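The values are calculated or read from the model by the stated rules, or taken from the named source; none is laboratory data. These numbers come from a predicted model, not from an experiment. Using ideal geometry, Cβ is built from the backbone for each residue, glycine included, and neighbour counts are taken over all protein chains shown. Areas reflect the complete protein model, heavy atoms only, side chains present, ligands, DNA and RNA absent. Shrake-Rupley method; radii C 1.70, N 1.55, O 1.52, S 1.80 Å.
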Protein chains: 4
Amino acid sequence: MEDESVVHKDIWFKCKLRVRYQETDQMGVVYHANYLNWFELGRTEFIRELGFPYHEIEKHGLLLPVTEAEMKLKHPAYYDDVVLIYVRLLEFSHIRMQFEVEVRRDPLDNGDMAERGLLASGLAPNGELLVKGTTKHVWVNRQWKPTRLDKAMPEIYTMLQDL
Amino acid sequence: MEDESVVHKDIWFKCKLRVRYQETDQMGVVYHANYLNWFELGRTEFIRELGFPYHEIEKHGLLLPVTEAEMKLKHPAYYDDVVLIYVRLLEFSHIRMQFEVEVRRDPLDNGDMAERGLLASGLAPNGELLVKGTTKHVWVNRQWKPTRLDKAMPEIYTMLQDL
Amino acid sequence: MEDESVVHKDIWFKCKLRVRYQETDQMGVVYHANYLNWFELGRTEFIRELGFPYHEIEKHGLLLPVTEAEMKLKHPAYYDDVVLIYVRLLEFSHIRMQFEVEVRRDPLDNGDMAERGLLASGLAPNGELLVKGTTKHVWVNRQWKPTRLDKAMPEIYTMLQDL
Amino acid sequence: MEDESVVHKDIWFKCKLRVRYQETDQMGVVYHANYLNWFELGRTEFIRELGFPYHEIEKHGLLLPVTEAEMKLKHPAYYDDVVLIYVRLLEFSHIRMQFEVEVRRDPLDNGDMAERGLLASGLAPNGELLVKGTTKHVWVNRQWKPTRLDKAMPEIYTMLQDL
């Protein structure tokens, strides 16, 4: 079956960032569109953790644009907050991927901005939930034509299956 | 009933913008988070058209943060494209609002960047559909507490009912 | 002489924009880096006015990256302000250009957002001065190598000389 | 003398960041205005290192807006690059500050994104120089009136003198 989706195991990746001044607006909170940037940053670091920096994938001529995005904003993030970005792969197929993301306020704020990594299977994110959402993507080539990942970069497709 | 939602009549507001260089990314298209900025810009101009510039509403101590957003990206917008932003009010209540937005490539590109206004009732948006989505909002005060629009600024609430 | 600079005649180009919510920060003013976006927007519209949309120049394989920028911030711009962007060409050579830009609060705010055009020679910008600055640029090709404008697109070079 | 400037000792602060996809433009490089964001990020982390998180200074009612900025762009930064931000205090007085910033490509890229700290006195930044610049600032209160740092937060002024 060409495009059978595979439900992923329950493994979250976590990374951290600190809210930049430029990301605030005159309400005194993070401007909402920036959460999509953070979603992307989480996906990027997740894929890097799995061994495939996205900039190398693009050098192979594969792009992964967003086709759908949705988010729910529970509580605002503030300037200089340390926030945790949690990401997991919800589904993937030969040409599509869907990620789930949670943005949480760091309950520890222990100063270790480099803290990151995969959580043990089944372990849940923690910290005050600020924003959650999902993004859907399709693999395309430089001419923006849908492209099968298992043909173009089979090593990534295999890695995803083994995850 | 406190929070009964009112389904709105089918009136679209239209305005225009030109894609900025800063809004592109290295894929050569508009970076997806920017569509949320354009959604906001459309809402702002829509509310201005109805007689209530949002900056004046904020001066009354009312804010309208986003609580949910979702969008589907059909085709990318490119640098220097002239795009039409279509907005309509899907629902509103004493404390909530939901907008629908469509981003379309201007089929005319007649150079009149100031073209804007309410479409006649029932008239549909035109132009190549690039992105569509919805945003949900809640009226809050400066302390970020939900606030009834019909109490805080009844003239706006009445205007919305009469729309 | 290869790179002789030509001092330009005193002709300002003017265009308009309205401050976006996303451009504000928690100080309640426009975040300073955004003025560089507006400088760019002014240059883009200036070049368009002269008959050469920048996106068409890029299609010819010529890029005009910024090599230097400086700005002085006199007064902040606020959300929803109507601001005038004034641009003029300070100098140009076979491979370089320098622009001067002024951002001013629109003294009229007459609602005509499409107002734009070249001022008569010698006519000065008006409106409250918010920010002024200059940017320097070099013409390069897609491999980022300096490229002579008079060789690559002589029609633009001639137009600049005749300005 | 009210506003005597003090030339600072030659101590650089260093921190790191990774280039975000959103920061690129269709030239395939970092959009130039983003360097000003990075300059700010460097200043923020420098001040944090000295013991005074800027968000706490703002809570005291002091703001430090930019009054002048200039930068020279030598080489572009690319997506996913690890860059070092070097900052030092050039001058300060009772009401003004001037910072110098250098953005350099990390020569090591050792994966330690948390690497940061003050360099020993006299030690020079290293790595490929991408962008350098300076920013000038004035201390103001919430009403945007110039405010003497030594009166408003003498502990910071003393710390700067002892640096």
Practice problem: Would you please name the residue that is nearest to the other protein chains (Cβ to nearest Cβ), looking only at residues in segment B:56-94 that are under 19 Å from C:Tyr78 (Cα atoms) and in contact with a helix residue (DSSP H, G or I) (Cβ under 9 Å, 6 or more places away or on another chain)? | Solution: B:Leu63
Exercise. Identify all residues within segment C:18-31 that are over 19 Å from A:Asp80 (Cα atoms) and open to solvent by less than 10 Å² (accessible area, probe 1.4 Å); write none if there are none.
Key: C:Val19, C:Tyr21
Quiz item: out of contact with any strand residue (DSSP E or B) (no Cβ under 9 Å at 6 or more places or on another chain) and more than 22 Å from A:Gln22 (Cα to Cα) - does that describe any residue in segment A:90-98?
Solution: yes
Quiz item: With respect to A:Arg105, is the statement that it is open to solvent by 40 Å² or more (accessible area, probe 1.4 Å) and closer than 30 Å to A:Gln26 by Cα true?
Solution: yes
Quiz item: In segment B:74-83, what residues are hydrophobic (A, V, I, L, M, F, W, C) and either over 15 Å from the mean Cα position of the chain (by Cα) or more than 16 Å from B:Glu23 (Cβ to Cβ) (or both)?
Solution: B:Ala77, B:Val82
Quiz prompt | Selection status of B:His137, more than 30 Å from A:Arg142 (Cα to Cα) and within 12 Å of another protein chain (Cβ to nearest Cβ) | solution = yes
Self-check item: Residue among A:Asp106, A:Asp80, A:Asp10 that is at pLDDT below 95 and closer than 28 Å to B:Leu63 by Cβ
Solution: A:Asp106
Practice problem: Evaluate segment C:38-61: report whether one residue or more is under 28 Å from D:Phe39 (Cα atoms), of a type outside the set (A, V, I, L, M) and over 14 Å from the mean Cα position of the chain (by Cα). | Solution: no
Self-check item: Test: residue in segment A:51-73 that is farther than 22 Å from D:Tyr21 by Cα, surrounded by fewer than 19 Cβ atoms within 10 Å (Cβ to Cβ) and in contact with a Pro (Cβ under 7 Å, 6 or more places away or on another chain)
Solution: no
Exercise. Identify the single condition in (1) touching a Cys at 6+ places or on another chain (Cβ under 9 Å); (2) at pLDDT 95 or above; (3) more than 17 Å from B:Val30 (Cβ to Cβ) that B:Trp139 does not satisfy, given that it satisfies every other one.
Key: (1)
Exercise. Would you tally the residues in segment B:113-162 being farther than 21 Å from B:Ile85 by Cβ, open to solvent by 80 Å² or more (accessible area, probe 1.4 Å) and in a loop (DSSP other than H, G, I, E, B)?
Key: 3
